[in-house]
Structures are given as structure tokens and as C-alpha cells.
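The values are calculated or read from the model by the stated rules, or taken from the named source; none is laboratory data. Values in this document were obtained by computation on a predicted structure and should not be read as measured data. Heads up, the Cβs are rebuilt from the backbone with ideal geometry, glycines too, and the neighbour counts pull from every protein chain shown. Surface accessibility is based on the protein's heavy atoms, side chains included, excluding ligands, DNA and RNA. Shrake-Rupley method; radii C 1.70, N 1.55, O 1.52, S 1.80 Å.
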Amino acid sequence: MARITAGIGSSHVPLLGVAVDQGKTGDEYFGPIFQGYEWTRTWLETTAKPDVVILVYNDHASAFDANIIPTFAIGCGDVYKSADEGWGPRPVPDVEGHAGLAWHIAQSLILEEFDMTIINEMDVDHGLTVPMSMMFGAPAAWPVRVVPLAVNVVTYPVPSGNRCWALGEAIARAVQSFPEDLNVQIWGTGGMSHQLQGPRAGLLNREWDNRFLDLLETAGDAARHIPHIEYLRETGSEGIEMVMWLIMRGALGHAVTRLHRHYHIPCSNTAIGHIVLEPA
Amino acid sequence: MARITAGIGSSHVPLLGVAVDQGKTGDEYFGPIFQGYEWTRTWLETTAKPDVVILVYNDHASAFDANIIPTFAIGCGDVYKSADEGWGPRPVPDVEGHAGLAWHIAQSLILEEFDMTIINEMDVDHGLTVPMSMMFGAPAAWPVRVVPLAVNVVTYPVPSGNRCWALGEAIARAVQSFPEDLNVQIWGTGGMSHQLQGPRAGLLNREWDNRFLDLLETAGDAARHIPHIEYLRETGSEGIEMVMWLIMRGALGHAVTRLHRHYHIPCSNTAIGHIVLEPA
Amino acid sequence: MNSALGHQSIHEYLAEFDDIPGTRVFTAARARKGYWINQFAMSLMKPENRERFKADERAYLNDWKLSEEAKEALLSRDFNRLLDLGGNVYFLAKLFSTDGLSFAEAVSTMTDMTFPEYREMMNNGGRSPEGLRSIKGKY
Amino acid sequence: MNSALGHQSIHEYLAEFDDIPGTRVFTAARARKGYWINQFAMSLMKPENRERFKADERAYLNDWKLSEEAKEALLSRDFNRLLDLGGNVYFLAKLFSTDGLSFAEAVSTMTDMTFPEYREMMNNGGRSPEGLRSIKGKY
Ligand SMILES: [Fe+3]
Ligand SMILES: [Fe+3]
């Protein structure tokens, strides 16, 4: 039986991909960020050893153009290549999918009245590949298979926190009913506070971000009811990506144990945060 | 204020498009079918006069290939062309969209936790153009604007009847909150009983189809709980299209008045049925 | 939690689909298996592809990730075989439309009838569901 | 019925988005308006399109359904103007990446700071939300 053994929330800033690809992870600017992920990299390699990661992220106008905007798209393909976001694709390994698990989750979710879009072939952008690099460094092949779950957090309205949390709960039930013995993690990525547009660009909110991390750790589900406007006012126009962390958190059940937590300001325009949680 | 004034359930058999396009609507084979739509055509033209039709249909591997399968896709574009399904596009007018209403509905539905896929540019196949021809004949331009709502009823699991009904209810609320004064109809298309594949092909079920029509007329919502397997066993593998009628029915509210009903066997492989309902 | 499953598991839900005589429900498993058959078929929506296909079917098929079994089934228009290989009728319709066949004629080839026999059955009210609803239940 | 709206109407929900200083939320209305700006920008994901664009920007833009205003804003890299015209930063990122600009540098051009000033602000903890949360509420 497959089971979700842990969840990670993490930022997915494109510049971190550049740092990895150009070997700058130890320099003065990036050092403190990558050191914060050190514990997690070791834990993944030596202790957690997931077989599959359900990687919740958003497509940043890479696989989906302005023509088509799926609220929730689940990747049911066998392999995904790194997208060319305007400066050539990142030189990272192809991402191997898990079509069997992905189709099982997709079917289960539709039967639980989530209106999924199934996608088979797509390129994956920094939203997916940067967390992979942060967690696994620069191996010749990624040590896990990935079920990509792309959430629209660009065009409003994006899904509510409540809907995201409920989706996470349904994903956990779906994984549990998959007959193969698999160690599955779920990652929610994006955020934390950042605004990439307009005169207010550069907004960061250390206090709010840390309150959000606190909420994820506590058993209560107050985080699911944070309205869109609060993310927008408090965390910048791109902070809304944090609703994707709620899919991860919803999948872990009522209570969690925090294994690791890290926060650093800034990386490029963004507040970097990450948290590692286990179902309690 | 926009309002939903009526709903129509109707088959959308491709051969009926051929009959219209080749001027055979009065012959021995097609005559009884088109006569059944006569009442509806007159009512639409002289009495009902809708401004916009929300046209629920399924794409038959035309706009969406095997790569991408949206459960619910709503057309938010300005215009849709007739698809080439393998024998050239049907010679019908372009279908004019209503981007303002469509985007409003899309936004409202996402806020009510329907995980819509928004689509702007797509060709529309017989699932959409055949009902247009049945209701409006062969005009130089269609007399209504259309919001296409494409439902996956091809790859299992398709959405449940319950989910479809709930979507209809949410569409009605969305239309009601659109500020423009618009007379809006909603059509659910597809069905009735038919099976287009395998040794059991040609299955028709007059009794079941008519019970389904009865259920749509009665106030109760028993129809929403019919499981997929019942459609499959009783109405053939393609009879499942009738779940789309439940979106229409859900949008009309608790009780309805039946204005017209017609049933004819066969058209090609299919049982032709249509029903015209008003909120009571 | 809403669910279309009621008290069923997803495995029970899917297993019921195999209990319908003479019917292959287009499940995720079939969609996965038949992916390239269906993508090939959709390519015939473009007139230039139809021309190329008609000019040399085998050469056209060789451009697609298809097993030899799939290619043979496509070349021989063995639609039941294609269903087994994960083809879906709405995709395959692009193939029989390219051939100039109507839905009814193409569909009749999957039954044990000739097209005139099939047409007559349809004109007489179609195939009765009696005894064809369930293999196990025999009803 | 679940709803993210609570007691709000959708109109109230959307109106709140206009109450945030210096911010254009990418609403449906903006997505509609900026459709071709964003589609143009995405075309720059292909290296051959980037080459064609760099060789003659104006000629490349003329192939798209863009207003003269949009073309001028694109040519002058006036990103705030592009936001007003319905551009979205993730689409526009393909344009500034084509130019070889980092996110931080491109984003800084939308503020009233030079890039070095912006970078310094970020290194000092970023822009505080204090007073920038609500126009009406002034908090
Ligand atoms: Fe992001
Ligand atoms: Fe159909």
C-alpha cells in the first residue's frame, strides 16, 4: 500500500536554479539559503528516501499559455523535460513521472468531485525543477519519480485555500488506496512573500510568513480560511502561491510533527522559506 | 440582471448535421426527427428569443486530443469555428461567444470551488453545432451568442451526476449575478441511449430513456444519483453523455414545467430525445 | 466529502466496467495504453495529413510510436482490436471518416452483423439491452 | 455549497483587488485585455523566435494582434504600462529573459528606484508592507 510519509513546503525562486546550475550555492549571497536546505537534503538521502514525490507547483506561463488555464492539472505522463523560459532550458535531468500512481490519483480525485485536468505531455518550469535542485542537488538522474500537480495561481480567481486543503485530503486518500508499496511525499511549493510587479514590487513580510509557518505546524486548520485578499495585501501579488502549501498540509492529516524549518530574506525578490512536516 | 429562462436537453448526433447540410431534413428517414424539433424551433424564434445559450456538450476528440483532458472546460473566447472531424468542417456559421458572461461564470464557479479549465480558442465539433442546427436551422448567422461548456464524458471517470447537477446550480447563481440584462438558456446535449463500439454496439433503451425524461420533469433530484455503471449497462457506452443534461437540469432549480418533449428511434446508432423545460 | 463511489472502493468501481458484455469502457488504463493510436487518429483532422495517409498508409503510420500490432490493426481497420489496444471510438472516427464511412457503417463492423443487417436492427428499434447488461448477473 | 466568497458578492471580491497600492492583480478582465501581449511573450520560449525578434523587434510584433500602444510599450520595455494593458509578469518574463535581464532587475524598473537601490532595499529586508496594504484603509 502506498502512503504519504512526509510533506515539504518550499519556495521555488528561479534564481536558485541559476545558482545551482552555475555552481554558486556556496557564495556569500546564496550560502545561507543552501545551508538552510542542508538538513533536508541529508534527511531525504539518508532517512526519508521517498520513491515518489507529488510535486504541487504552478506553471509560470510555460506549459500552459494564455489560451488554456486549468485550475488543477495532474501530470499522468512518463517523463517531463525542463522548459525553456526564455534563456534556454535548465540543464537538469528529465523528470521521470509515475503514470500508474498519477492516473490512480486522477481517477480517485474525479470520483471525489474534483474537476481535474489530466495532462500527459508537458515541459516543467522552475516551479518544479528548482525544488528538485534544492532537495537533491545536481545528480545525473533524479532519485525520485514525480507526479506533477500544476495549480493555477496566476489568473484570478485562483482556487481557495479551503479547496486546496480539501484536495490535499483527497490526495492522501487516493494514495492510500494505491496497491503498490510506495513511500510517497507531497511537496507544496512557491512563495513565500514576494511581489514581482508594479510600484509595490519588492514587498516582503517576515512576520506574516512566519505566522503562516506556525499555522502549518499547529493542528488547527485556520490557514485554509485565509482569503485571497489577505495574501495579496500582506504577502505581495505573488505570495498567493502559498495556497499550494495547503494542498501539501491538507494531505498530512489533522496533526503534524515539524522536523525542520528555515526562513531567509531575501533571494532575488523573494522571501525563502521551507518546512518539513510528518503526519503526527 | 441576467437570468436563466429555460433549459433544453437534446441529442447531438453527427448524422443530423449531415442531414441539415445536405438538405435531407424532410425525407422519410429524417422527417420524423426534424418534425419533433419543429415546436422548439418556432418557440425559440417567436417566444423564447434567448440572447445567450450556455451550451453544455462534450468535445469528441476535436479541440482536446489525448494529451489533455479537462473535466469541465468553459469557453471564454469571442468566436469558435466548426471543427474538421475528418471530413472537412461543417458549413455552418462561426459560433459567436460571450466572453463577458463566460468569464463571469468561470470566475464565479472557481470561487464556488469548481475546478474549471478556462479555454479561449478552440474549434467546436458536432456536439455543439448539431444542437444549434436542430434549434435554429440553417441561418446565415446564428441568432444567439454561445458560452460553450465542454465536459469530459469520454475518458473514465467522467464527472458524477451529482457533480454535474451541482455545477448547474452554481451556473444559475453565477448568471443571476451578471449585471447585464440577458435572456439566457442552458442546453444539455448528448445521448440518449447509444453504444458506438464493440459487439454490443447498437444498443438502445427506449424504456430507460423515457424514465430519465420523466425524472427530469419531476421535482425530485433522483436523476443526479444514477451511478455511471447504470448508464453503461442500460444505455450503452455512449449513453453516459446524458450526465450533461443534469447540468442543464440543475440550473433550472427545484421544480420545472415541461413545455415540449420528443423521442424517436433511431437516428444512425442513437436514440434521439429532446425536452424543453422552464423553471416552475 | 462528496463521492461518486458511495460505499465502493475505486477498485470495485472500475471492476464493474468489465462486467458489461461486448463493451470496452474507455478507462484511464485504456487511455494510457492507446495514447499513440488516438493521437495518430487525431492527426487525420488535417486535410494535408489525410492526403499523406491515403497516399501511403504504412509510411504515415511509421512516423508514430505504434506497435506493429497497432499498425496492423489500423491498416486492416480492425476496430475491435483497436479498442483492445486502447483506441477510443471518437478518436478512431477520424480514421473511418477519412475512409468516407458513416458512424453507423464503421460501428457495424464491430458487431457480428453486416451493415445492412445492422441497419435493419437499428430501424427496428435497435439492440435490446435484455441479457446484455451484466455478464455475471445474466440480465 | 462551498464558497470562497463568504458573505461577499463576486463584485465585492473583485473590487477589493483595486484597493492595493501599486499593484495590478491579474484578474480575468486583465487576462482578456492582455491576451495577445501574453501570447506574443510566450512565443519567445522558442530560440528561433527570440532570434527573429532580436533581429527586427517591430517586424516581429507586427505579426501579432497588438494595438500600437501595446507595441510601443513592448518596444520600450515599459512594464508598468504593459501591466495596465493586461500583461502578466510570468508571460513578460519571456521578454526580459530574452533581453538577458534577471527577474530582480526587470522588476526594479517598475518601481521608483534604480536597480542598485532596489537591490539594496531587498538586501535590507525588502519593502515593508506597512502603509501599503490598503489604499482606503491606509494601513
Ligand atoms: Fe512561482
Ligand atoms: Fe456525443
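Values for this structure:
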quantity: Ranking by accessible area, most exposed first, for A:Asp84, B:Asp78, A:Asp214 with a 1.4 Å probe; calculated: B:Asp78, A:Asp214, A:Asp84
quantity: Accessible area buried at the B-A interface, both sides summed, 1.4 Å probe (Å², nearest 100); calculated: 2400 Å²
quantity: Accessible area buried, both sides summed, chains D and A with 1.4 Å probe, Å²; calculated: 4000 Å²
quantity: Cα-centre dipole for chain C with unit charges at Cβ (Lys and Arg positive, Asp and Glu negative), debye to 20; calculated: 300 debye
quantity: Kyte-Doolittle at least -1.0, axis length at least 15 Å by Cα - qualifying DSSP helices, chain B; calculated: B:31-43, B:99-111, B:161-176
quantity: Cα gyration tensor, region D:28-100 - rounded (a/c under 1.5), prolate or oblate; calculated: prolate
quantity: For region C:50-139: rounded, prolate or oblate by the Cα gyration tensor [a/c cutoff 1.5]; calculated: oblate
quantity: Projected label distance in nm at C:Thr114 and B:Gln22, using a 7 Å step from Cα toward the beta-carbon; calculated: 2.1 nm
quantity: Shielding score for B:157-164, defined as the mean number of other chain Cβ atoms within 10 Å; calculated: 6
quantity: Dipole magnitude (debye, nearest 20) for region B:3-279, charges at Cβ of Lys, Arg, Asp, Glu; calculated: 560 debye
quantity: Whole-angstrom gap from region C:10-47 to region D:1-37, using each part's C-alpha centre; calculated: 39 Å
quantity: Pairwise centroid distance, computed over Cα atoms, of region B:252-272 with region B:1-63, Å; calculated: 11 Å
quantity: Sites C:Asp63 and D:Asp84, calculated FRET efficiency, Cβ-Cβ separation with R0 56 Å, nearest 0.05; calculated: 0.75
quantity: Cross-link pairs A:Lys49/A:Lys81; C:Lys33/C:Lys138; B:Lys24/C:Lys33; C:Lys54/D:Lys33; B:Lys81/D:Lys94; B:Lys24/C:Lys94 - those with Cα-Cα distance over 32 Å; calculated: B:Lys24/C:Lys33; C:Lys54/D:Lys33
quantity: Threshold 50 Å² - residues in region B:235-271 whose accessible area is reduced by that much or more when the chain is no longer isolated, probe 1.4 Å; calculated: B:Asn269
quantity: Carbon + sulfur, % of accessible area of region A:3-279 - ligands and nucleic acids excluded, 1.4 Å; calculated: 50 percent
quantity: Surrounding net charge for A:Ala141, when Lys and Arg each add one and Asp and Glu each subtract one, Cβ distance under 13 Å; calculated: -1
quantity: Surface share of carbon and sulfur [accessible, 1.4 angstrom probe, percent] for region C:28-100; calculated: 48 percent
quantity: Mean separation of Cα contacts under 8 Å, 6 or more apart, over the residue count of chain B: relative contact order %; calculated: 31 percent
quantity: Partner chain coverage, peptide D:43-51 - average Cβ within 10 angstrom; calculated: 3
quantity: Dipole axis of region D:1-116 (+1 Lys, Arg; -1 Asp, Glu on Cβ), positive-most option in D:Pro47, D:Leu14, D:Ala70; calculated: D:Pro47
quantity: Sparse-neighbour loop sites [GluC sites (Glu not before Pro); region B:15-61; at most 15 other C-beta within 10 Å; DSSP]; calculated: B:Glu28
quantity: B:Asn210-D:Ile135 FRET efficiency (beta carbon distance; Förster radius 60 Å; 0.05 resolution); calculated: 0.50
quantity: Solvent exposure, largest accessible area first (probe 1.4 Å, DNA, RNA and ligands not counted), of B:Arg163, B:Arg41; calculated: B:Arg41, B:Arg163
quantity: Accessible solvent surface per residue of region C:28-100, calculated while the other protein chains remain in place, 1.4 angstrom probe, Å²; calculated: 42 Å²
quantity: Cβ neighbours within 10 Å from other chains - mean over A:57-66; calculated: 6
quantity: Most mobile of A:Gly198, A:Gly97, A:Gly250 in a GNM of chain A (Cα contacts under 10 Å); calculated: A:Gly198
quantity: Region B:3-279 shape via C-alpha gyration tensor axes, a/c threshold 1.5; calculated: rounded
quantity: The protein assembly as shown, dipole about Cα centre (Lys/Arg Cβ +1, Asp/Glu Cβ -1), debye to the nearest 20; calculated: 540 debye
quantity: Solvent-accessible heavy-atom area per residue, rounded to whole Å², over chain B at 1.4 Å; calculated: 27 Å²
